[in-house]
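Below: the structure, in structure tokens.
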Amino acid sequence: MIPRPFEYHAPTTLPDAIALLGQYGDDAKLLAGGHSLLPMMKLRFAAPGHLIDLNKVAELRGITLEGGQVRIGSMTTENEIIFSDVLAANLPLLPEVARQISDPQVRYRGTLGGDISHGDPANDHPAVMMALDAEFVLRGPGGERIVPATAFFLGTFETALAPGEVMTQIRIPLPAPGTGASYAKLKRKTGDFATAAAAVVLRVEAGNCRDARIALTNLGPTPLLAEEAASSLLGKAVDAKTMGEAARLAMAICDPAPDLRGDEEYKIAMAGQMVERALKTALARCGA
Amino acid sequence: MAKKTAVSFKLNGAAIEVLVEPRELLIHTLREKLATTGPHIGCETSHCGACTVDLDGTSVKSCTILTVQCEGSELLTIEGFAKGGQLHPLQEGFTQEHGLQCGFCTPGMITRAYRLLQENPNPTEEEIRYWMAGNLCRCTGYQNIVKAIQYAAAKMRGEAVETSHPLMENVTV
């Protein structure tokens, strides 16, 4: 279980990291928490010639409130998300999600930016980012650009990150008053990826749904934004009937890969259950 | 073969300099170059937690960290726990509460529990089970591990401790 040989680089500034990435091109991989990449390298599924470790780039860490957004450095770890007072007060959905990822040791290493940039539809943050209408700051040699989460995930392990670009920050708009959110994840055991999971962000005013966003984890080649399911709730009371209809519409867009966690039919059925469960919890939180 | 790199860090308080290939995993450096065989190789796939060490105030699985990433770091392994012939409260707790049977997972368990108690000196049983979930034990069924951590937590808070298995007194190493 030893990776193929490579050269190791530990830049301390973002421009240095981007320069190294430009210099080594396709032969380089960025190392964030390393809990997806290093196992793949140990199994020799990945064999980069150069590893560019981002762990010593201080400017990629931290959680701040700015311009009506929560801004999170891409190298912020899952446990930093769980322990963050800023997130507990302003965006409790994120610690709730992080608590459902892997195990304590992995969460000390695993990063928000790594989870997103990897492009794995089984990862939890991508669907949550779609449901929260987040945007990602990508920086390359030519400067910075901002890509919405809904346009970032192109396929399994395929994202909008261009060669030479680094994800530097995740920006999430602060939810409007009256918003409730939840992430419901079905997994077989601690540390497992989702059999099915649903992220729901809901705003209710005078008993009627004003905003709804629903996104799904591990139910297709990318995280899925369930737009029809969400819009079916708009202007209506969120009750057993409308939640059931939203779940049915969400199930209709699922295209999961059968594996040891279940066949397609089971996973799609569980997707419906997770959507209903997340809707119920989010609804209960709308007044809070 | 890629050329070797000198890496310096502190291991259980001692300054270490070691020459490694970039691809060398921390667990291999510890066990094969530094005679630190407390951290065990269980699965080598970051699932079991037997190789857990404390790295700059975080619990990490040393099978999924490169030694070159530890430049300038402070590392703690089970070898650093007993001081002056006295067991650490966690070692005492695992002994008194029968927190082990075969003992293979124990160094990782204790090292992980140490960081948990640094962050939360008075965890509930639920919190212990949640925050110890990265360490697998195939013998005990975890009940006595939870008790051992509760015992150590009480002792580290300076409270009188009671053992459910009063078999050993005045344990020294």
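Where a number appears in this text, it was derived from the coordinates with a stated rule and is not lab data. Keep in mind the model is a prediction, meaning the values are calculated, not measured. Here Cβ is always computed from backbone atoms with ideal geometry, including for glycine, and neighbour counts include all displayed protein chains.
Please report A:Cys209, A:Cys254 as a ranked list, fewest other C-beta atoms within 10 angstrom at the top and most at the bottom.
A:Cys254, A:Cys209
Compute the helix-to-body angle for A:264-285: its Cα long axis versus the longest principal axis of chain A, expressed 0 to 90° and rounded to tens.
Its long axis makes an angle of about 70 degrees.
Which residue, A:Met75, A:Met243, A:Met40, has the most motion in a Gaussian network model of chain A that connects Cα atoms within less than 10 Å?
Its mean-square fluctuation being the largest, the pick is A:Met40.
When every alpha-carbon pair in the range A:179-285 is counted, what percent end up more than 19 Å apart? If you can, show how the numbers build up before the last one.
Details: 2033 of 5671 pairs.
Result: 36 percent of Cα pairs exceed 19 Å.
FRET efficiency for B:Glu162 and B:Arg138, Cβ-Cβ distance as r, R0 = 25 Å, nearest 0.05?
Efficiency, from the Cβ-Cβ distance: 0.35.
Hey, which of these cross-link pairs are over 27 Å Cα-Cα: A:Lys280/B:Lys61; A:Lys187/B:Lys61; B:Lys61/B:Lys147?
Values: A:Lys280/B:Lys61 37 Å; A:Lys187/B:Lys61 22 Å; B:Lys61/B:Lys147 23 Å.
Beyond 27 Å between Cα atoms: A:Lys280/B:Lys61.
Counting pairs of alpha carbon atoms under 8 Å apart in space and at least six apart in sequence, what relative contact order in percent does chain A give?
Relative contact order, chain A: 15 percent.
If the label point is 7 Å along Cα→Cβ of A:Glu205, which residues in the range A:231-252 have backbone nitrogen under 13 Å from it?
Of the residues in the range A:231-252, A:235-236 have backbone N under 13 Å from the label point off A:Glu205.
Please give the net charge around A:Ser231, taking every other residue with its beta carbon less than 14 angstrom from that of A:Ser231, where Lys and Arg add +1 and Asp and Glu add -1.
+1
From the alpha carbon gyration tensor of the protein assembly as shown, can you work out the equivalent ellipsoid semi-axes (sqrt of 5 times each eigenvalue) and give them in Å, largest to smallest?
Over the Cα atoms of the protein assembly as shown, the semi-axes work out to 39, 29, 19 Å.
If you build the convex hull over the alpha carbons only and average its shadow over all orientations, what do you get for the range A:1-133? Give it in nm² to one decimal. Write out the running numbers ahead of the final one.
Details: hull surface 34.4 nm².
The orientation-averaged projected area of the Cα hull of the range A:1-133 comes to 8.6 nm².
I need A:Thr195, B:Thr95, A:Thr156 ordered by Cβ neighbour count within 10 Å, fewest first.
Fewest-to-most ranking of A:Thr195, B:Thr95, A:Thr156: A:Thr156, B:Thr95, A:Thr195.
Relative contact order of the range B:68-173, please, whole-number percent, based on alpha carbon pairs below 8 angstrom and at least 6 residues apart.
Working: 114 pairs, mean separation 42.9, N = 106.
Relative contact order, the range B:68-173: 40 percent.
Can you work out the FRET efficiency for the pair B:Leu19 and B:Thr45, with r the C-beta to C-beta distance and R0 = 22 Å, to the nearest 0.05?
Here the calculated transfer efficiency is 0.25.
Out of B:Gln69, B:Gly84, B:Thr95, whose Cα points farthest toward the positive end of the dipole of chain B (charges: +1 Lys, Arg; -1 Asp, Glu; placed on Cβ)?
Going by the charge dipole, the pick is B:Gln69.
Averaged across A:118-131, how many Cβ atoms of other chains sit within 10 Å of each residue's Cβ atom?
0
With a ≥ b ≥ c the root eigenvalues of the C-alpha gyration tensor of the range B:68-171, is it rounded (a/c under 1.5), prolate (a/b larger than b/c) or oblate?
rounded
P(r) for the range B:5-79: what percent of alpha-carbon pairs falls in each 10 Å bin, starting at zero?
All Cα pairs, binned at 10 Å, distribute as 22, 62, 17 percent.
Would you please put A:95-103, A:42-50, B:99-107, B:54-62 in order of how densely packed they are, using the mean number of other Cβ atoms within 10 angstrom per residue and starting with the highest? Walk me through the numbers before you get to the answer.
Values: A:95-103: 21.3, A:42-50: 14.8, B:99-107: 19.8, B:54-62: 23.3.
Ranked by mean Cβ neighbours within 10 Å, highest first: B:54-62, A:95-103, B:99-107, A:42-50.
Between their Cα atoms, which of A:Lys42/B:Lys4; A:Lys56/B:Lys3; A:Lys189/B:Lys33; B:Lys10/B:Lys155; A:Lys56/A:Lys185 are more than 30 Å away from each other?
Going by Cα-Cα distance, A:Lys189/B:Lys33; A:Lys56/A:Lys185 fall outside the 30 Å limit.
Within 10 Å of each Cβ in peptide B:20-26, how many partner chain Cβ atoms are there on average? Round it to a whole number, please.
Partner Cβ neighbours, averaged per residue: 5.
Of the residues B:Ile65, B:Ile78, B:Ile145, which exhibits the maximal mean-square fluctuation in a Gaussian network model of chain B defined by a 10 Å Cα contact cut-off?
Highest fluctuation of the listed residues: B:Ile65.
Packing-wise, with mean Cβ within 10 Å as the measure, how do A:84-90, B:111-117 rank, highest first?
On the way: A:84-90: 14.9, B:111-117: 23.6.
In decreasing order of mean packing, A:84-90, B:111-117 become B:111-117, A:84-90.
Report the charge-dipole magnitude of the range A:180-266 in Debye, nearest 20, computed about the Cα centre from +1 at each Lys and Arg Cβ and -1 at each Asp and Glu Cβ.
Result for the range A:180-266 is approximately 380 debye, rounded to the nearest 20.
Given points 7 Å out from each Cα along the Cα-Cβ axis, report the B:Lys33 to A:Leu234 separation in nanometres with one decimal.
Calculated label separation equals 6.0 nm.
Taking a spot 7 Å from the Cα of A:Asp27 along the direction of its beta carbon, which residues of the range A:45-70 have an amide N less than 14 Å from it?
Under 14 Å, as judged by backbone N against the label point of A:Asp27, lie A:47-52 of the range A:45-70.
Relative contact order of the range A:48-117, please, whole-number percent, based on alpha carbon pairs below 8 angstrom and at least 6 residues apart. Walk me through the intermediate numbers first.
Values: 76 pairs, mean separation 20.8, N = 70.
This gives 30 percent for the range A:48-117.
If you put +1 on each Lys and Arg Cβ and -1 on each Asp and Glu Cβ, how big is the dipole of the protein assembly as shown around its Cα centre, in Debye rounded to 20?
That gives the protein assembly as shown a dipole magnitude of about 360 debye.
Which whole number gives the average count of other chain Cβ atoms within 10 Å of the Cβ atoms across peptide A:2-9?
Per residue, the number of nearby Cβ atoms from other chains is 5 on average.
Can you put A:Thr76, A:Thr13, B:Thr64 in order, fewest other beta carbons within 10 Å first? Walk me through the numbers on the way to the answer.
Details: A:Thr76 21, A:Thr13 13, B:Thr64 25.
Sorted ascending by nearby Cβ count, the order is A:Thr13, A:Thr76, B:Thr64.
For chain A, what is the mean residue ellipticity at 222 nm derived from helices alone (per DSSP H run of n ≥ 4: -39500 (n - 2.57); sum divided by total residues; nearest 500 deg cm²/dmol)?
-9000 deg cm²/dmol
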